[in-house]
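A short write-up of the structure that comes next.
The values are calculated or read from the model by the stated rules, or taken from the named source; none is laboratory data. As the structure is a computational prediction, the values presented were derived from the model and not from experiment. A quick note on method: Cβ atoms are made from the backbone with ideal geometry, for glycine too, and the neighbour counts reach across all protein chains shown. Accessible surface is based on the protein model in full, side chains and every heavy atom, while ligands, DNA and RNA are left aside. Shrake-Rupley method; radii C 1.70, N 1.55, O 1.52, S 1.80 Å.
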Amino acid sequence: MLPQNLDCDIHRINLSLTTVCSADCIFCPEVRGADGAKKHMTSALVEKLLIDMSKDPRLDHIKDFSCGENGDCFINPQAIDCLRMIRKYRPQSNIIIFTNFLTMKQSIAETLVKEQLVDRLECNIDGYDEEHYRAVKKGNLTKAKENIEYFLRIRNESGTKIPLTMHVITYERYVKTIQANMNVSPSRATETPPSNFENEFEKIKELWSPCLDPTMDLLQEIKQCFGWAERGQWQNRKIDYRQYTCPLLERIKHEAFIAPDGTWYLCCFDAKNEIKIGNVGTESLSSLMDQPKRKNLISLVENRQFEKVGGPCQTVNCCELLYENPKETRFWRYYQRAPSAMKLAMRLGKRLLNF
């Protein structure tokens, strides 16, 4: 039976403009997108989605559009046109792009700034030199740095307010966190770790802080990791689903994740787009939002019936937020399932135990 009065209205759209990435990060799945599916989204699909949305007053409030979902969007030759469509139909929209900057050519940066096609940029800078950056991303730090500095320069010269957030997950942080919590070595880590196997966040901070505007930019170390790149190591293991809750339940309820071919898939951790709700290329977002199938999937996730959901939910332990100290991971795991009346006491106890 479907739940009554389930609140699952959409407040944000996440567009996977491409499932191709120019980096190959140790903390990301190796394979993205459904087998044989289209790799790049077209501007025509984005326009169709936006026109359909304009016909439903329930969707008028949606302003947040994330365009860096599940790939490096600037590999898509129609990426700029997709962003233009959002600006055309939703002029007041808040466009967020997550990119590694490896493919943000100067012409792309200039267009983004001149036409104001983005409201916030986010990226990962996970090493302070080529060796450490390559160990995490298998990418070229020199190229990324060159593109970031160019974007910041033209942004500052134009006076455009486009904040940049830099996230940092170091090789040392990821490897130690996975080993401590999952008792396995990361499947995508290099066999030989980089020299000076240490957390180099302070060195990264020293390198980048002078380039950033402290009034709007942010450089932050990510101290928790997800194990979604480790799903393959858990596919044939028995998992006690009673221990886990979905960390992305609220996002599943209130956000739409759209693949390049128009498939609405369940969440951003569904890298292969296995759990399908429908397709906005052939149906409207409104009709899919109200489908019993979607509400049933949300209900199954909410009630922790992960085996019935299938796909990546069968390894829900790989979606969990992992702390370097496994005690803290376990604390928050139990905290999520605890009755509301117990949560304050648990937080006080955590503070007293100092972990």
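Structure summary
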read-out: Directionally averaged shadow of the range 143-228, computed from the convex hull of its alpha-carbon atoms, nm²; value: 7.0
read-out: Under 5 Å, built H, 5+ apart or other chain: amide partners of residue 63; value: none
read-out: Nonlocal amide H pairs with residue 218, under 5 Å, H built at 1.01 Å; value: 164, 165, 166
read-out: Karplus 3J(HN,Hα) series, Hz, for the range 41-54 with 6.51 cos²θ - 1.76 cosθ + 1.60 (x for Gly, Pro); value: 7, 9, 5, 5, 5, 4, 5, 4, 4, 5, 5, 4, 4, 5
read-out: Under-5 Å amide H pairs with residue 18, H placed in peptide plane, nonlocal only; value: 41
read-out: Relative contact order, percent, the chain [alpha-carbon distance under 8 Å, six or more residues apart]; value: 22
read-out: When each of 176/203; 105/161; 137/327; 55/295; 143/203 is checked by Cα-Cα distance, pairs over 25 Å; value: 137/327
read-out: Peptides ranked, highest mean first, by Cβ atoms within 10 Å: ranges 314-326, 152-164; value: 314-326, 152-164
read-out: Within the chain, helix-based [θ] at 222 nm, where runs of 4 or more DSSP H residues each add -39,500 (n - 2.57), nearest 500; value: -10500 deg cm²/dmol
read-out: Cα-only Debye scattering, the chain: base-10 log of I(q)/I(0) at q = 0.10 Å⁻¹; value: -0.67
read-out: Where the range 1-115 is the region considered: accessible area per residue in Å², 1.4 Å probe; value: 45
read-out: Karplus (6.51, -1.76, 1.60) ³J(HN,Hα), θ = phi - 60°, over the range 148-163, in Hz, Gly and Pro reported as x; value: 5, 5, 5, 4, 4, 5, 6, 4, 5, 5, 7, x, 6, 9, 10, x
read-out: Radius of gyration and Dmax over the Cα atoms of the range 1-125, both given in Å; value: 15.7, 54
read-out: Residues residue 296 and residue 185, FRET efficiency given R0 of 35 Å [Cβ-Cβ distance, rounded to 0.05]; value: 0.40
read-out: Inter-probe distance in nm under a simple model that places probes 7 Å from Cα toward Cβ, at residue 249 and residue 30; value: 3.4
read-out: Sparse-neighbour loop sites [trypsin sites (Lys or Arg not before Pro); the range 111-144; at most 15 other C-beta within 10 Å; DSSP]; value: 138
read-out: Accessible surface of the chain [probe 1.4 Å, protein heavy atoms]: carbon and sulfur percent; value: 49
read-out: J(HN,Hα) series, the range 89-96, from Karplus relation 6.51 cos²θ - 1.76 cosθ + 1.60, nearest Hz, glycine and proline x; value: 8, 9, x, 8, 5, 10, 9, 10
read-out: Distribution of pairwise C-alpha distances over the range 241-327, 10 Å bins, in %; value: 17, 50, 25, 6, 1
read-out: Gyration tensor verdict on the range 138-290 (Cα atoms; rounded if a/c is under 1.5, prolate if a/b is larger than b/c, oblate otherwise); value: oblate
read-out: The chain: antiparallel DSSP beta bridges as a percent of all, rounded to 5; value: 30
read-out: Computed over the range 176-216, the ratio Rg/Rh where both radii use C-alpha atoms and Rh is Kirkwood; value: 1.16
read-out: Förster-model FRET efficiency, 22 Å R0, residue 235 and residue 37, C-beta, rounded to 0.05; value: 0.55
